[in-house]
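Accompanying notes for the structure given below.
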Amino acid sequence: MEDGATNDERAFLRVENLHKRFRHGGRERSVLRGVTFGVSSGSFVSLLGPSGAGKTTLLRLVAGLEPADAGGVVLEGRRLGALGAEDLARLRRERVGYAPQFPEVLGALSPAENVALPLLIAGERRAAALERAEALLAALGLGAGAELRGLELSGLSGGERQRLSLARALVHRPRLLLVDEPTASLGSVEAEGVLELLRDLQRREGLSILLATINPRVAAHAERILRLKDGLLSEGAPLHA
């Protein structure tokens, strides 16, 4: 795909000729085949494609959670493949938020403690970390104050866990948010609220967002739409929700 931002050395995020293969039972499958694109700072980009197209794999490579077979990812001028494990972990902790479709939560912690965990690990004061976590959960419709503190993880629905995951990805105020199917388990009203929150953070805080979805109506909320199919990327005109 031709993309002027890709060749701009000042681009906030550059994905360069990315390849990824997996082996299953002695057979090899190419999931990504030379994916290239750029994301400018403060932009909202959706990654639209069918199930199994490689969207989650691409997000994980951009997050530095697994290595590419070829090509690379450059974030704010830093090539992820050249960073050691400690520097890569610090980059994710300070600059990147990742909200997977199927989040893991720690049953021994409350919802707010789960969300505040990245701040607590970074040395943030517990009271301030929990205050930030509760504010995000409330903004995402998961209650406030005593109501929120009374929630139990075992009673959370899939959609509530998705919103918890999104809050945890946002709690440390990242510059890049990678989010995988954030509305898949939500009703239309809840989904619109989540997408409106993302657009508001983009506008107010300059957050850059790369959102993966199978849903064209969700993709339509972004400024750019990248379509991924059979490991190849193309760019289409914005849709209308």
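The values are calculated or read from the model by the stated rules, or taken from the named source; none is laboratory data. Note that the coordinates shown come from a computational prediction; the quantities given were computed from them, not determined experimentally. Cβ placement follows ideal geometry from the backbone for every residue including glycine, while neighbour counts extend to all protein chains displayed.
Residues are listed down the side, and each one gets a yes or a no for (1) of a type outside the set (V, I, T); (2) in contact with a Ser or Thr (Cβ under 8 Å, 6 or more places away or on another chain); (3) surrounded by fewer than 14 Cβ atoms within 10 Å (Cβ to Cβ):
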site: N17; (1), (2), (3): yes, yes, no
site: V73; (1), (2), (3): no, no, no
site: E104; (1), (2), (3): yes, no, yes
site: L120; (1), (2), (3): yes, no, no
site: G123; (1), (2), (3): yes, no, yes
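For first residues located in the range 28-45 and in contact (Cβ under 8 Å) with a residue 12 or more places away in the chain and at positive phi, partners that are part of a strand (DSSP E or B) and surrounded by fewer than 15 Cβ atoms within 10 Å (Cβ to Cβ) and lie 6+ apart or on another chain with Cβ distances below 6 Å form the pairs G34/N17.
Across the range 19-56, the qualifying residues are those that are surrounded by fewer than 21 Cβ atoms within 10 Å (Cβ to Cβ) and among the polar types (S, T, N, Q), and the one among them that is farthest from H221 (Cα to Cα) is S30.
In summary, helices (runs of 4 or more DSSP H) completely within the range 49-140 and bearing 2 or more residues that are β-branched (V, I, T) occur at 55-62, 111-121.
Screening E192, E160 for residues that are over 20 Å from P111 (Cα atoms) and acidic (D, E) leaves exactly one candidate, E192. The single condition from (1) surrounded by fewer than 18 Cβ atoms within 10 Å (Cβ to Cβ); (2) touching a His at 6+ places or on another chain (Cβ under 8 Å) that L195 fails is (1). Scanning the range 52-73 for residues that are farther than 12 Å from K20 by Cα, in contact with a helix residue (DSSP H, G or I) (Cβ under 6 Å, 6 or more places away or on another chain) and hydrophobic (A, V, I, L, M, F, W, C) turns up just one, V73. If the condition is being touching a His at 6+ places or on another chain (Cβ under 8 Å) and not aliphatic (A, V, I, L, M), then the range 46-93 contributes S46, D69, G71, R93.
Yes or no, residue by residue, for (1) more than 20 Å from the chain's Cα centre (by Cα); (2) at pLDDT below 95; (3) hydrophobic (A, V, I, L, M, F, W, C):
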{"position": "D8", "(1), (2), (3)": "yes, yes, no"}
{"position": "R27", "(1), (2), (3)": "yes, yes, no"}
{"position": "V45", "(1), (2), (3)": "no, no, yes"}
{"position": "G71", "(1), (2), (3)": "yes, no, no"}
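The residue that is modelled with the highest pLDDT, among those in the range 184-198 that are among the hydrophobic types (A, V, I, L, M, F, W, C) and out of contact with any strand residue (DSSP E or B) (no Cβ under 7 Å at 6 or more places or on another chain), is L195.
Evaluate the following for L201: is it of a type in the set (A, V, I, L, M) and either part of a helix (DSSP H, G or I) or at pLDDT 95 or above (or both)?
It is true that L201 is of a type in the set (A, V, I, L, M) and either part of a helix (DSSP H, G or I) or at pLDDT 95 or above (or both).
Looking for whichever is among the charged types (D, E, K, R) and under 21 Å from the mean Cα position of the chain (by Cα) here; the options are E131, E104, E124. Which one fits?
E104
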